[in-house]
1. Please specify each residue of region 65-86 satisfying the condition of being assigned to a loop (DSSP other than H, G, I, E, B), buried (at least 24 other Cβ atoms within 10 Å of the Cβ) and among the small types (Gly, Ala, Ser).
2. Examine region 220-231 for a residue that is assigned to a loop (DSSP other than H, G, I, E, B), at pLDDT 90 or above and not polar (S, T, N, Q), and state whether such a residue exists.
3. Hey, does region 106-129 have a residue that's farther than 27 Å from residue 159 by Cβ, acidic (Asp, Glu) and surrounded by fewer than 24 Cβ atoms within 10 Å (Cβ to Cβ)?
4. Please give the strands (runs of 3 or more DSSP E) falling wholly within region 234-324 in which 2 or more residues are of a type in the set (Gly, Ala, Ser).
5. Here are 403, 431, 410, 416: which of them is at pLDDT 80 or above, small (Gly, Ala, Ser), closer than 22 Å to residue 59 by Cβ and touching a Cys at 6+ places or on another chain (Cβ under 9 Å)?
6. Being surrounded by fewer than 19 Cβ atoms within 10 Å (Cβ to Cβ), in contact (Cβ under 8 Å) with a residue 60 or more places away in the chain, in a loop (DSSP other than H, G, I, E, B) and among the hydrophobic types (A, V, I, L, M, F, W, C), is that true of even one residue in region 131-149?
7. Filter region 501-527 down to the residues that are buried (at least 23 other Cβ atoms within 10 Å of the Cβ) and farther than 25 Å from residue 102 by Cα and list them by number.
8. Can you tell me which residue is surrounded by the most Cβ atoms within 10 Å (Cβ to Cβ) among those in region 233-245 that are free of Cβ contacts under 8 Å to residues at least 60 places away in the same chain and within 21 Å of residue 276 (Cα to Cα)?
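The values are calculated or read from the model by the stated rules, or taken from the named source; none is laboratory data. Just so it is clear, the structure is predicted and the values come from calculations on it, not from any experiment. Cβ atoms come from the backbone with ideal geometry, glycine included; neighbour counts cover every protein chain shown.
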Amino acid sequence: MTLNDKATWGLSLTEYRTMLGRLFVLASYLAIAALMAAPAAAYTLSAGGSKFCAIDESVCFEDVSNILHLPDLTGERIEYKGQTWSISWGDANGNLWPDLYLNHHTERSTNNRFPTSHLIYDLGKNPETWEFLELGNGDQHSALFIDLDMDGNEEIFELIGGMSGTAAFGDRNSMSVIHKLDRDPVSDSESVEGAIETGLAYPGARGRYALPIVRNGELSLLLINAPRKDGLAGTALFRRTVSGTFVRDESVFTTTECTLPGLCKDVEFNIGSYGEAKAFHANDDNLVDLFFYGRGSTNPGRLFLASVDAEGNHSYRNSGGFIVDSNDISVSDFNNDGNFELIYANSNGINFVSFNGDNVLGGMIPSEKRIPVGLVTGDLNNDKYLDIVVYYRAANDGPFNVSVLMNDGSGGFSESEFVDEKNTGDARNVSIADYDLDGALDLIFSDGRGDVEEAKAYGGYTLLKGMTKNNWLQVDLVDPQMLRGLGARVTVTTSDGTRMLRGQYSGVHSEVQDFKRLHFGLGDSTEVTVLVKWADGTETVVDRVKANQIISVAQ
C-alpha cells in the first residue's frame, strides 16, 4: 500500500472556503490512489499469551489480557463481560506510572456482578497485584484525567448520559461528576456537588467526552454531547475563570453562506449539533483550532480556525468542510514534514487530509467494506514514523478485527490483521499507551458496546503488550497551569536530521483518553534534540538528550 500517488490540489484557503466542502467530498469518496498490495498477514488470538507480529516483523504484540481480569463485587478477579465505555489513562497518584480508568456504563450491564467502574493503579508496575478504586455509579460515559483546580493532582471529570436525552434539567443523576483524587491515600472525595460548584455539571446533556484546550494561558473544556431531540444542552465550550470556576464561553463561530456564486455572507454557526470534535494546530499561528464532525452524519465535518483580538477574545471561522462519517479521528504528522494531518477511517477506507500552507492535500487507502469504530496512531516499531491501528466492528456478531498499518517512511504502509476469537462482543474503543514503561507502545481494546443492553453486545477488554527493539524517548511536559503542557508542540530531531512532531492535546479522541506522555521512536539514534513550543509561543530547547528514557521538560 502506498500514498505516493495520492492526488493533490493547489487551492488557496480563500478559494476553497466558498466551495462548501465539495473538494473534500471528492477526497472522501474517490479512490485517489490505486493501493493494491500483497494480501495482509492474518493472525488469530485464541487465548491469553498468544502473540502476533506485524507483516514486516518490526513489532510484535503479546496478549496479556489476563492482567486485566477485574474484581467483581466479591473481590474475585475474573474475566470481565458486560458493557464497556470509557478507556482513560492518567496519573492518579502522581508516581509517573500510568493508571487506567475503565467504566462500564451502568450496573445493569453486568447483572450487578461487577462494580460500575475500575480505576486501576500502576498497571505496569504491579500487573498481578494492582489496587483499584470504584468511582461513581449509573449511566457513566467518558472520563478525562485533568487538573481542574491547579493543585498538581489530577481529577477525573466524568460525563453522564442524561437518560438518552430525556433527563430533566434539574435531575442530579444527569449531571457530570468530578472525582477528586487525593494522593495519599487515594479516595473518592468529590461527587456531583463538585461539578455543580465548579460550573461543569451541565444538567440534561447527553455527555460523550470532554476535550480540553488552552487559550490565553487558561483551560477551556469543550463538552461534547450527543444531540437531544429538543435541541437543548448540545456541545458547548466552557472556560475557567480567575476564581477557578467554569462559565459558558461566548466565543463566536462563523461560517460563510453563499446563496449564489459570488453572493456570500458571514453567519454565526451553532456547534451544538455536532457530537464529535478534535483539537489541533491546523497552521503555525500557535492557536489551537477545532474540527467538528459527526458519526453517521451527512453534515460535513468543519474546520474552524482560531483567532484572537487585542483584548484576548477568541473567535473561530469555518475554513472548509468535508463528509467524514467516522467514529474516530487522529491528528498526526505521518511524513515528518512538520505539519499535522487528519486521518479517519470509514467504510470506504483510511482517509488523509492535510492543511499545508495554502495547499490542501487529500489521499485514501481503500479498504474492504468493514465498519471502523476506533483509530489510534503511534510509532509501534520505534522507527521514527507513525503507524496506524484501526479497530473494526465484526459482521454478524463475530469476533473483532484489527488492522495494523506500518509506515515505511516513504509513503507506503504494510498491513497486518488479527482477529480475537475469544471476544465476540460489539467493538467499542481502542486506546494506546506504554503502560509498562518499556518504551514500546501497547494497545487496549473494548468490545462491549456501551449503548445496548443485550448479551450479544457484551464483551470485555483485550490488552496487547508491544515489543520492539529500536530506541525511543518519552517526554512529560510541566507548565505553570498544571496542564501537562496542554497546547504545546514538541519536535524531536535526530542526528540524521529526521524531525518528529507531536502535539499535546491530552490524548483525547472519541470517548477515549490515551496517556498524555509523548512518545517518539528513534530508530538507531542514540542522542536527540528536543524543542518544545509552548501554548504561549515561548520555546524550550534541550540538547544532547540520550535515548531510552523518560524526560520531563518544564516551561
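1. Step one: of region 65-86, the residues assigned to a loop (DSSP other than H, G, I, E, B) are 69, 72-76, 79-81, 83-86.
Filter once more, so that each one left must be buried (at least 24 other Cβ atoms within 10 Å of the Cβ): 80, 83-86.
Residue satisfying the conditions is 86 alone.
2. No: region 220-231 contains no residue that is assigned to a loop (DSSP other than H, G, I, E, B), at pLDDT 90 or above and not polar (S, T, N, Q).
3. yes
4. Numbers: elements: 236-240, 246-248, 252-260, 263-268, 276-280, 289-293, 301-308, 314-322.
Result: 276-280, 301-308, 314-322.
5. Unique residue meeting the criteria: 416.
6. So far as region 131-149 goes, no, none of its residues is surrounded by fewer than 19 Cβ atoms within 10 Å (Cβ to Cβ), in contact (Cβ under 8 Å) with a residue 60 or more places away in the chain, in a loop (DSSP other than H, G, I, E, B) and among the hydrophobic types (A, V, I, L, M, F, W, C).
7. Hits for region 501-527 are 520, 521, 522.
8. The selected residue is 235.
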